[in-house]
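These notes are about the structure you will find just below.
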Amino acid sequence: MKSNKPVWREWLESLIVIALLAIVIRSFIVAPFKIPSSSMVPTLEVGDYLFVLRYTYGFRIPFTDIQLLSKQAKRGDVAVFVYPDDKSKDYIKRIVGLPGDHIVYRENRLYVNGKEMPLVQEGERTYFMGDGSADVSGLYEEDLDGVKHAVLRKHFSIKDGEWTVPPNMYFAMGDNRNNSRDSRFWGFVPQSYMVGRAAIIWWSWDSVKGAPRWGRLGHLIE
């Protein structure tokens, strides 16, 4: 049966439906995220573009702190969350402390509930920071209570301390331990601030070389 609607109205209705679907998908299912800093090197490079699974920790109602069907993060997750000191920004770090955990960071070594997280040195790594300048740090594999991942660290610590994670909170740290402003500085991440888990790199641009990092495309984030 032929529609009596004018063509412009059919186009408008189609665009509205597409826009609503995009809003729902971006708000509740998957969203893009760009890495602006070197705080998560070597796991994530400046210029990486990610897909973030928004439903992993529950569903946040847009523009509010209300979270429905909340799910606790796992230790080792690379998570995106609302920055507690500026709610207009999203941060991305690795979850190292769960509710009730006792966290100690001393001389660039991480202890969770009295157990040191083992480090195995794998050499050195030169990387570029957000401003394009280069730095060199030691490259290690850390075993975060069974989750093995790469970290960078130097022979000194930028922030030592001892923390007990409150209920419904998390302790988050960058994998670049000497170049990350994280829970060591500004405290804990509330459950309701959790946005989603970083899942896959869909694009990566090396601004220093002015070229894509083809080898990073499709890389699963662990």
Can you pull out the GluC sites (Glu not before Pro) in region 80-159 that DSSP calls coil and that have at most 13 other Cβ atoms within 10 Å?
Glu107
Share (percent) of C-alpha pair distances in region 98-222 greater than 21 Å works out to 49 percent
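Can you tell me what percent of all Cα-Cα pairs in the chain are more than 22 Å apart? Don't skip to the answer; put the middle values down first.
Numbers: 13453 of 24531 pairs.
The answer is 55 percent, as a whole percent.
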Just the Kirkwood number for region 27-121, please: inverse of mean 1/r across all distinct Cα pairs, in Å, one decimal.
15.3 Å
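As a test of the formula, what do you get for the chain when each DSSP H run with n ≥ 4 contributes -39,500 (n - 2.57) and the sum is divided by the residue count, at 222 nm and rounded to the nearest 500 deg cm²/dmol? Kindly include the intermediate steps, with their values, before the conclusion.
Numbers: 2 runs with 26 residues, N = 222.
Taking each H run of at least 4 residues, the total per residue is -3500 deg cm²/dmol.
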Dipole size in debye (nearest 20) for region 71-127 around its Cα centre, Lys and Arg Cβ +1, Asp and Glu Cβ -1?
200 debye
Residues whose built amide H sits under 5 Å from the amide H of Ile200, excluding neighbours closer than 5 in sequence, are Phe51, Ile221
For a test of the definition: using alpha carbon positions, the gyration tensor, and the 1.5 limit on a/c, classify region 49-100 as rounded, prolate or oblate.
rounded
Would you mind working out the accessible area per residue for region 137-222, using a 1.4 Å probe, and quoting it in Å²?
46 Å²
Quick check on region 89-165: what are the equivalent-ellipsoid semi-axes from the Cα gyration tensor, as sqrt(5λ), descending, whole Å?
23, 16, 12
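The values are calculated or read from the model by the stated rules, or taken from the named source; none is laboratory data. A quick note: this is a predicted structure, and the numbers were derived from the prediction, not measured. Please note: Cβ atoms are built from the backbone with ideal geometry, for glycine as well, and neighbour counts cover all protein chains shown. The protein model used for the area step is the full one, side chains on, heavy atoms only, and it has no ligands, DNA or RNA in it. Shrake-Rupley method; radii C 1.70, N 1.55, O 1.52, S 1.80 Å.
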